[in-house]
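Novice: Could you have a look at this structure, given as structure tokens, before my questions?
The values are calculated or read from the model by the stated rules, or taken from the named source; none is laboratory data. Just so you know, these numbers come straight off a predicted model, no measurement behind them. Because the Cβ atoms are built from the backbone with ideal geometry, glycine has one as well, and the counts that use them run over all protein chains shown. The accessibility values were calculated without ligands, DNA or RNA, using every heavy atom of the protein model including side chains. Shrake-Rupley method; radii C 1.70, N 1.55, O 1.52, S 1.80 Å.
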Amino acid sequence: MLREDLARLVKEALDNLYDPPYLQTHPLADILVTDREAGESRGETLRRVLREAADQLKPSRSVPSNRPEWLGYRIVWLHYMRSLSRDETCRDLGISESTFFRYRRLALAALTDLLWEQAFGAMVAANTQDGSLAFAVAGDGIERSLTLASMHEPQRLDLGQILHDVRRTMEPL
């Protein structure tokens, strides 16, 4: 998966944040929903994960509330979490449409980065901790591992060990 794909999925999910059937089957749920609370559906969990990620965009209390650092967070919160229209959000924040689009794009990029790290950051660290690349990851793991590995600096791999692991995986099939 590429970051652009994740960005598209994040925007789609945010656009439909209060549509439980849509979120229930959304591909982003396959990526982000790992632990569900008791009685919580996949859609509800995805909504919670997105809200928590959006909360992480909130600047620290030391940043005055009239600073531009707050605009991205406020746009995401008002437009997606409170379901205000673009015009209502612009009116509430006293900004133009072009400012809305610019800061929304920046905020969605930051949100995508947060979710990318959440979904794939720990997996990369776990796979590269011992210096080798692991292929046994949930879902379409081979593609994800290779994509993530290609984003990091080159590393030495033990081809013999990789082939041995691939053979062990393939033999039962």
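Novice: Sort 106, 114, 28 from largest to smallest accessible area, using a 1.4 Å probe on the heavy atoms of the protein chains. If you can, show how the numbers build up before the last one.
Specialist: Values: 106 95, 114 55, 28 0 Å².
Largest to smallest exposure gives the sequence 106, 114, 28.
Novice: If you don't mind, there's one more thing I want to ask. Work out from phi, with θ = phi - 60° and the Karplus expression 6.51 cos²θ - 1.76 cosθ + 1.60, the ³J(HN,Hα) of each residue of region 27-32, listed in order in whole Hz, and give x for Gly and Pro.
Specialist: x, 5, 5, 4, 8, 9
Novice: Per residue of region 97-110, what does 6.51 cos²θ - 1.76 cosθ + 1.60 with θ = phi - 60° give for ³J(HN,Hα)? Whole Hz please, x for Gly and Pro, Karplus curve as stated.
Specialist: Along region 97-110, the couplings run 4, 5, 5, 4, 5, 5, 6, 5, 4, 5, 5, 5, 5, 5 Hz.
Novice: Once both labels are modelled 7 Å past Cα along the beta-carbon direction, what's the residue 36-residue 83 spacing in nm?
Specialist: 2.2
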